[in-house]
1. Give the residues of segment B:58-85 that are open to solvent by 50 Å² or more (accessible area, probe 1.4 Å) and over 14 Å from B:ALA144 (Cβ atoms), sorted by residue number.
2. Restricting attention to segment A:213-225, and to residues there that are in contact (Cβ under 8 Å) with a residue 24 or more places away in the chain and more than 9 Å from every other protein chain (Cβ to nearest Cβ), which single residue is nearest to the chain's Cα centre (by Cα)?
3. For segment B:61-68, does any single residue satisfy the condition of being at pLDDT 90 or above, outside any strand (DSSP E or B) and under 29 Å from A:TRP166 (Cβ atoms)?
4. How many residues are open to solvent by 30 Å² or more (accessible area, probe 1.4 Å) and either more than 16 Å from C:LEU48 (Cα to Cα) or not in a loop (DSSP other than H, G, I, E, B) (or both) if we restrict to segment C:78-111?
5. Condition test on C:ALA241, is it away from chain A (no Cβ under 14 Å), open to solvent by 10 Å² or more (accessible area, probe 1.4 Å), out of contact with any Phe, Trp or Tyr (no Cβ under 8 Å at 6 or more places or on another chain) and not in a loop (DSSP other than H, G, I, E, B)?
6. Within segment C:112-136, restricting attention to residues that are open to solvent by 30 Å² or more (accessible area, probe 1.4 Å) and more than 14 Å from every other protein chain (Cβ to nearest Cβ), which residue is nearest to C:PHE183 (Cα to Cα)?
7. Yes or no: A:PHE179 away from chain C (no Cβ under 14 Å), over 30 Å from B:ALA142 (Cα atoms) and open to solvent by 10 Å² or more (accessible area, probe 1.4 Å)?
8. Among the residues of segment B:150-202, which ones are β-branched (Val, Ile, Thr) and either over 22 Å from B:VAL51 (Cα atoms) or open to solvent by less than 20 Å² (accessible area, probe 1.4 Å) (or both)?
Amino acid sequence: MIAARLWRAAWPPIVVVLGALLFWELAVWFFAVPEYLLPSPRRIGRAMIDDRDRLLAASGRTALATGLGFVGSAAIGIVAGSVLSLVPLARRGVYPLALLLQMVPLVAIAPMLVIWFGYGLPSVAASACIVSLFPVVAGTLDGLQSVDPGLQEIFRIHGAGRVRAWWSLGLPWSLPSVFTGLRIAAGLAVIGAIVGEFTGGFGGDAAPLGGVITSALKQNRTPTVFAAITLAAGLGFVLFGIVNGIGWALLRRWHASAR
Amino acid sequence: MSGPVAEVRDLRRTFRGERGEVEAVGGVDLQLSPGTITVLIGPTGCGKSTVLRIIGGLDAPTSGEVVRDPTVPIGFCFQEPRLLPWRSVRRNVALPLELAGRSRTEALAAADARLAMVGLSDAADRLPAQLSGGMRMRAAVARALVSNPRLLLLDEPFGALDEVTRFRLDEELAAIVRGTGITVLLVTHSISEAVFLGDEVVVMSPRPARIIERFQIPFPTRDAALRGDPEFAVMQTRVLDVLRQGLEATP
Amino acid sequence: MSNSVILARLHALILLVGAVAVSAVPVACGPAGDAAPASGPRPLRVQLNWFPEPEFGGLYAAALDGGFERRGLDVTLLPGGADVPGPQLLAAGKVDAAIVAGSQLVTLRASGGRIVAVHASFQKAPRAIVVRRESPFSTLEELWASEGAFMVGDGLPYLKWLDRRFGPSPLVRVPYTGSLAPFLADEVVAMQAFATAEPVQLEADGVATRMFLVADTGFDPYDVVLAVREEMLQKEPEVVAKLVEAVSEGWDAYLANPGPVNDRIAELNPDFTPRTLELAVAALPAFVRSETTDEHRIGWMTADRWNTFVDQLIELGEIDASARGRIEGLFVNPVVGSR
């Protein structure tokens with residue numbers, strides 16, 4: 001049943017992607033676009049196969065940093081959103097600042113992350129975390145602010161404290177919007193990791209996807225650049241899928257969003 | 001017999017809204033005698049729910065006096081079932097006990113007993129969304145009863161249900177509550193429900209709510225057979241007449 | 001691509017996917033031919049590969065002194081940065097000329113890009129690696145054998161060269177974005193540098209450095225190369241020659257009297273102070289002038305130098321030996337009125 005469900009969800013995008021790839025391949029061939037400007041999908045596929053060891057290792061490094069950053073932003077985001085919801089003064093004072101943080105371009109602060117956290121995994125994960133934090137905070141806060149007042153009254157009647165009400169009512173109630181935030185955060189975490197790698201990732205044999213992109217770009221190896229970009233997108237897709245799966249498992253029994 | 005379980009004297013409540021002050025309750029005196037069912041009936045929006053909420057401690061009066069022993073456990077039931085959608089019926093019913101710090105086992109055992117009382121044992125493991133409206137209300141009643149309240153406050157609990165379901169739930173509620181010594185305050189706008197359940201039916205005027213008349217309802221038994229009793233119809237007509245007068249007295 | 005080839009492919013395409021797909025194909029042009037302007041100054045967009053700095057002094061001098069204008073050129077200098085893909089922008093026809101590294105030019109030609117070097121400001125490659133003066137390394141070889149973080153634009157061929165020369169280095173490479181902060185904070189033991197830029201900047205900031213020139217290890221390409229598209233060179237050789245002449249003249253003017261140009265650079269790039277600019281200009285002649293430039297003019301290139309470099313790149317595996325044919329004709333020393 002799950003397989004059938006998956007297939008039903010998967011076939012339209014698969015058809016679209018295959019169609020787009022075919023179109024791309026033909027367009028590159030037809031207009032004789034040089035490889036260094038836009039390689040064809042087949043050429044990218046070949047780069048992926050030729051460079052598989054390096055790309056696989058790079059994907060692993062980027063995946064680790066993305067995963068750590070995402071788990072960090074999920075944890076910090078849910079806690080921060082909860083604190084903001086429980087403490088009205090903090091909500092009024094801190095939330096606008098959090099919004100401001102969202103506006104600061106990552107590229108501008110990425111070099112500072114290197115100074116603060118050091119090169120490699122710490123600064124890259126921090127970058128992934130910072131970029132993906134806001135949607136989780138916003139999702140958590142929105143959820144907690146929209147808890148049904150009637151249910152809140154039930155908790156009040158039975159003498160539940162704020163923390164207890166948060167745990168047994170607020171959090172479960174907010175799960176759908178927390179997961180909306182997490183789904184957005186999943187894609188952002190990959191972007192954050194790649195940008196972090198541009199400024200703080202290792203190079204040479206220890207290069208993650210961001211490092212492969214910079215170095216291949218300097219060598220005019222455009223197919224490798226695209227191969228790395230494809231893998232980065234794939235990472236985002238996998239993370240999104242995992243988050244979606246967890247959300248579905250948690251919500252499917254009672255929430256419309258998971259049906 | 002001891003004194004009333006709860007009592008209000010000259011209760012007034014004014015709300016401050018966007019269009020200035022609105023008087024919802026304009027001087028109400030009420031005594032809830034132990035083991036009786038008191039019914040507040042009046043037109044929609046007259047402020048009768050406000051009286052119930054003040055007695056339950058969910059709202060505070062603008063003036064007047066509320067006398068109630070704060071240690072007396074209260075059970076609440078609202079027009080909406082107010083169940084947690086992610087919890088099974090059993091765990092929803094057990095919620096008040098869990099929040100009171102009782103062990104999970106104890107709470108679930110008590111919940112099962114109340115579910116048996118309202119005839120929901122078979123649905124204990126289902127989620128609220130998998131129940132009919134009437135079953136959800138039964139679960140809400142079971143939850144209101146789970147901590148052995150001595151005072152049960154019912155705020156139009158069956159107002160959103162169809163008439164047949166409503167009649168059946170009224171009959172079941174009568175069977176559960178009468179003779180257990182629980183004191184009940186029921187707010188409703190259904191005359192038949194009021195007369196069927198109440199020992200005393202208090203008719204209220206449109207806003208601001210004031211008491212127009214009190215009826216003592218003499219029927220010794222409250223079961224389905226009562227609905228065919230000519231006296232039952234007469235009683236309903238009398239209540240209806242008073243309600244009409246109340247409505248016509250105000251523009 | 002000729003029209004007949006397009007027609008042949010069009011036919012095949014119709015057979016393949018039908019006319020529907022064809023009508024959906026947007027007109028995605030490759031490098032567009034530059035139509036010669038009817039009259040007025042010829043507009044030229046020149047992409048630099050770094051922020052405005054003395055490395056581009058000759059170009060800014062020509063812009064400031066009217067060297068371009070006098071030759072009927074309306075030149076716009078576009079500042080670059082760590083990740084501006086100058087060679088690709090040039091090959092794609094987004095700009096008319098670009099400052100690129102010699103290695104970028106060769107690898108792009110090897111993969112089919114038709115761009116040509118027409119001027120090389122630096123006769124000696126200014127690529128350098130910088131450490132703090134108090135660091136224990138007195139030679140590049142010692143540094144190369146040490147551990148620690150090395151801030152560098154990864155993927156540049158000289159890194160492979162050094163690995164080959166001194167053996168694979170245990171230095172960990174971390175990206176260089178143009179910020180000196182990690183070096184100042186001692187997060188890295190060494191950083192890549194442009195001989196006339198970073199060491200000077202660090203010195204002005206009170207940080208004494210030691211600089212190792214990669215050129216001294218035998219890897220000495222033309223590293224600051226002005227390149228144009230082959231197509232433009234063929235269609236408008238005079239425009240290219242005038243551009244080159246103006247840049248060479250600009251360099252002479254800049255080295256003789258750097259003041260006004262430095263003021264302009266400081267205006268465009270506030271990171272520079274008069275002091276750093278002064279120090280940078282003092283270091284320039286050693287790189288810009290040589291016996292060749294004395295004989296010809298600043299920017300002149302020799303086939304020997306280019307050939308050596310191409311051989312080195314093949315040896316390093318940066319390009320395939322089979323690409324030699326495509327690389328052929330990679331540079332020209334244009335002379336005004338030569339045709």
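The values are calculated or read from the model by the stated rules, or taken from the named source; none is laboratory data. Computed from a predicted structure; not experimentally measured. Ideal geometry is used to build each Cβ from the backbone, glycine not excepted, and the neighbour counts take in all protein chains shown. Each accessible area value is taken on the protein alone, full model and side chains, heavy atoms only, with ligands, DNA and RNA left out. Shrake-Rupley method; radii C 1.70, N 1.55, O 1.52, S 1.80 Å.
1. B:ALA60, B:THR62, B:GLU65, B:VAL66, B:VAL67, B:ARG68, B:ASP69, B:PRO70, B:THR71
2. A:THR224
3. The answer is no; no qualifying residue exists.
4. Within segment C:78-111, residues that are open to solvent by 30 Å² or more (accessible area, probe 1.4 Å) and either more than 16 Å from C:LEU48 (Cα to Cα) or not in a loop (DSSP other than H, G, I, E, B) (or both) number 4.
5. Here the answer is no, as C:ALA241 does not meet what is asked.
6. Checking each candidate, the answer is C:ARG132.
7. yes
8. B:VAL164, B:THR165, B:ILE176, B:VAL177, B:THR180, B:THR183, B:VAL184, B:VAL187, B:THR188, B:VAL195, B:VAL201, B:VAL202, listed by residue number.
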